[in-house]
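So the structure is just underneath, and the comments pick up after that.
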Amino acid sequence: MKTILSGLAAVGLMFSATVAVAAEYPIYKPQEMDWSFAGPFGTYDKGQLQRGFKVYRESCSACHSMKLVAFRNLEALGFSDAQVRAIAADYTITDGPDADGEMFERPGIPADRLPSPFPNEEAAAASNNGAAPPDFSLIAKARAVERGFPTFVFDIFTQYAQSGPDYIHALLTGYQEPPEGKDVPEGTYYNPYFIAGSSLAMAPPLMDDVVTYDDGSPQTVEQYARDVSAFLMWAAEPHLEERKKVGFRVMIFLLIFAGLVYLTKRKVWTEVAH
C-alpha cells in the first residue's frame, strides 16, 4: 500500500510540475483579431477562404495533412464544380487494390479527401526531427489559449469562439530572435506565442511574396496568416454560418413562445381570485 501511495504521490507531483511549466506559456497572449465570422451574425469571407486554401496548399501541405476535408467540400469556399475537379486532378491518390490485388495511383476526384504528405505518422516524424506535424483538419478548435477569468464570462455573451484563429495568426506572425540570455534548443525557433514552450521545431513557414494572390490582396506574412487562419477555422467548423442562423431563429422562437405563454397565463388566470 505504501508503494502504491508513493507512486501516486510521485505521479501527482509530476502532473503538478507539468501543469506549472505549461502555465508559463505562451509568453505573450494572442491579440484578438477582427474576423468576418465573429459574433452571432458573423459569416465567412469566401474570398479570404480561397486565399487561405491557396496558402495552405502552397506553404503548409508539404508537412501538414487535412484528412477530414474532401475536395468536394471546397465548393463551400465558392469554387465551381469544374474548379474543384481541376484542383483534385492535380493530386495523385493511391487507390486499390485492383483486380490483380495491386495498389495503383490515379488523379484525384472530388470525392477524395486531401491526401497526406506522408504515408504514415512514423514517416512524418522521421522527416521532421522526430515530431510528426499535426493534422490541420481541426487545428483551429484543438489549439487555443485559455483567456481566464473574467474574460471567459464575457465570451459567453459575445459568443467569442475565435481563440483558435487568433492563436494560429499569432503563432505564424510571432517568430523572432530570442531575447539576450535566452537559449533555445538546437533545431528549434523562438516564438513567444507558442502554447507548449518558448520555441518550436517548425521553421517560419511564411515569407512575403511566397504565395501569389490573383485578387490583388497584399502578399505579406500578415495577410497570409490571416487568410490561412480563417481557412483553418472553416475546416474545423464548416457549418458555422448555418449554426448561427439556426441559433438566431431558435432565440426568436423562444422569445415569441415566452410572450404567448405569458399572455395565455394572463388570460386564464386574470379573473381567478388569489
Over all pairs of different Cα atoms in region 17-162, the reciprocal of the mean inverse distance gives a Kirkwood radius in Å of 18.5 Å
Could you give the Stokes-Einstein D for the chain in µm² per second, using the C-alpha Kirkwood radius, 10 °C, 1.306 mPa s? 71 µm²/s
First measure r as the distance between the Cβ atoms of residue 203 and residue 76, then evaluate 1/(1 + (r/R0)^6) with R0 = 41 Å and state the FRET efficiency to the nearest 0.05. 0.85
Restricting region 229-274 to GluC sites (Glu not before Pro) in coil, as DSSP defines it, with at most 10 other Cβ within 10 Å: 271
Given backbone amide H placed at 1.01 Å from N, residues whose amide H is under 5 Å from that of residue 95, ignoring those fewer than 5 places away on the same chain, are 104, 105, 106
Taking the chain and counting helices only, DSSP H stretches of n ≥ 4 at -39,500 (n - 2.57) each over all residues, the nearest-500 ellipticity at 222 nm comes to -13000 deg cm²/dmol
Phi-derived 3J(HN,Hα) across region 130-140 with the Karplus relation (6.51, -1.76, 1.60, θ = phi - 60°), rounded Hz, x for Gly and Pro, is x, 10, 6, x, x, 5, 9, 4, 10, 4, 6
Counting other Cβ atoms within 10 Å of each Cβ, which trypsin sites (Lys or Arg not before Pro) in region 167-257 have at most 12 and sit in a DSSP loop? 182
About the Cα centre of the chain, what is the dipole size in debye to 20, counting +1 per Lys and Arg Cβ and -1 per Asp and Glu Cβ, all else neutral? 1620 debye
Could you please report the charge total around residue 212, scoring K, R as +1 and D, E as -1 over all other residues with beta-carbon less than 9 angstrom from its beta-carbon? -2
Residue among 134, 111, 150 farthest towards the positive dipole end of region 25-152, charges placed on Cβ: 150
With a Förster radius of 22 Å, plug the Cβ-Cβ distance of residue 253 and residue 158 into 1/(1 + (r/R0)^6) and report the FRET value to the nearest 0.05. 0.50
Placing each pseudo-label 7 Å from Cα in the direction of the beta carbon, residue 91 and residue 123 end up separated by a distance in nanometres of 1.5 nm
Under Karplus coefficients 6.51, -1.76 and 1.60, residue-wise ³J(HN,Hα) of region 86-92 in Hz, glycine/proline x: 5, 5, 4, 5, 6, 9, 9
Please list the radius of gyration and Dmax for region 136-274, considering alpha-carbon atoms only, with Å as the unit. 23.9, 83
Sequence-distant lysines (8 or more away, or on other chains) whose Cα lies within less than 27 Å of residue 67: 46, 54, 141, 244
Taking the highest mean first, how do the peptides 29-37, 69-77 order by number of other beta carbon atoms within 10 angstrom per residue? 69-77, 29-37
How far apart, in nanometres, would the label points at residue 261 and residue 186 be if each is projected 7 angstrom from Cα along the Cα-to-Cβ direction? 6.8 nm
Sorted by chain and then number, the residues having a modelled amide H within less than 5 Å of the amide H of residue 220, at least 5 places away or on another chain, are 209
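Each value in this text was obtained by applying a stated rule to the coordinates, not by laboratory testing. Values in this document were obtained by computation on a predicted structure and should not be read as measured data. So basically every Cβ, Gly included, is an ideal-geometry build from the backbone, and we count neighbours across all protein chains shown.
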